[in-house]
Amino acid sequence: MLETALRYSHTLLKEIVTTGDVVVDATMGNGNDTAYLASLVGSSGQVHAFDIQQSALDATKERLEREQLTKQVTLHLEGHEKVGNYLQHNLKTAIFNLGYLPTGDKSIITLPKTTLLAIESLLEHLLPKGRIILVVYYGHEGGEIEKNAISDYVQGLSQELFSVLQYQFINQKNQPPFLFCIEKKKLKD
Ligand SMILES: C[S@@+](CC[C@H](N)C(=O)[O-])C[C@H]1O[C@@H](n2cnc3c(N)ncnc32)[C@H](O)[C@@H]1O
């Protein structure tokens, strides 16, 4: 069966992430992607995970402790637009789950301006063959605006430097999430 966008995001991560890699979870939430990335990079790797809610850090910390994955993870109580402060030019991948945390405060959503700042910064630090993955939830108020802003931005990326994939079911009700994957082809000359 075809994978959901969420499951496909992990397939795209698994294809490229190996032991020792540096990676980012830009929207930590309850830590599902953080824990998955931590298991892929192993204890010699490095996961930087971001969220602006203390409850997200608490939930993620608890999960990582339970799964014995704390060593390779740094949790940042900070917006992902600041991600560039923590990176060198050796980033293998970053993942976003846009929107709100279903188990948290639904009024706290990702926003186009900060999401785009984060994407720009991540693309700068990304290794060739590295991927930025965005799982786009857009059924909530403000979601459509963010979806359109990101869609415009990724469609405008240079074909020389990036491949951009959209993975989406187009006959489903209720605006299911879809996915963008930006893969870096080569460094800028
Ligand atoms: C859809 S949820 C993420 C779900 C998460 N991947 C998981 O496994 O549970 C989106 C998250 O983005 C966070 N968020 C919103 N704006 C942010 C920002 N500027 N920087 C980092 N995280 C942000 C929200 O607090 C929320 O927890």
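Laid out as a table, the results:
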{"read-out": "Ranking by accessible area, most exposed first, for Arg7, Arg63 with a 1.4 Å probe", "value": "Arg7, Arg63"}
{"read-out": "Within-11-Å neighbourhood charge of Gly45 [Cβ basis; K, R +1; D, E -1]", "value": "+1"}
{"read-out": "Set of lysines with alpha-carbon distance to Lys185 below 22 Å, sequence-local pairs under 8 removed", "value": "Lys14, Lys92, Lys129"}
{"read-out": "Label-to-label distance, nm, for residues given as Asp105 and Gln53 (7 Å Cα→Cβ offset)", "value": "0.9 nm"}
{"read-out": "Protection proxy ranking, peptides 114-120, 104-110, 27-33, 136-142, average beta carbon neighbours within 10 Å, highest first", "value": "27-33, 114-120, 136-142, 104-110"}
{"read-out": "Hits among lysines - C-alpha to C-alpha of Lys147 under 23 Å, sequence gap 8 or more where chains match", "value": "Lys82, Lys106, Lys113, Lys173, Lys184"}
{"read-out": "Spin-label pair Glu124/Glu15, simplified geometry with 7 Å Cα→Cβ offset, distance in nm", "value": "2.8 nm"}
{"read-out": "Solution diffusion estimate, µm²/s, Stokes-Einstein, the chain, Kirkwood Rh from C-alpha pairs, 20 °C, viscosity 1.002 mPa s", "value": "130 µm²/s"}
{"read-out": "Amide H contacts under 5 Å for Phe162, placed H, 5+ residues apart", "value": "Lys185"}
{"read-out": "Proportion of all alpha-carbon pairs of region 110-158 beyond 18 Å (%)", "value": "30 percent"}
{"read-out": "Modelled FRET efficiency - R0 22 Å, Leu2 with Leu165, Cβ distances, 0.05 increments", "value": "0.95"}
{"read-out": "C-alpha center-to-center spacing [region 80-95, region 1-37] in angstrom", "value": "15 Å"}
{"read-out": "Heavy-atom accessible area order for Leu101, Leu127, largest first, 1.4 Å probe", "value": "Leu127, Leu101"}
{"read-out": "Long-range amide H partners of Val24 with built H, under 5 Å", "value": "His48, Thr93, Ala94, Ile95"}
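The values are calculated or read from the model by the stated rules, or taken from the named source; none is laboratory data. Worth saying up front: this structure is predicted, and the values here are computed from it rather than measured. Backbone-built Cβ (ideal geometry, glycine too); neighbour counts: all protein chains shown. What goes into the accessible areas is simple: the full protein's heavy atoms, side chains included, and nothing from ligands, DNA or RNA. Shrake-Rupley method; radii C 1.70, N 1.55, O 1.52, S 1.80 Å.
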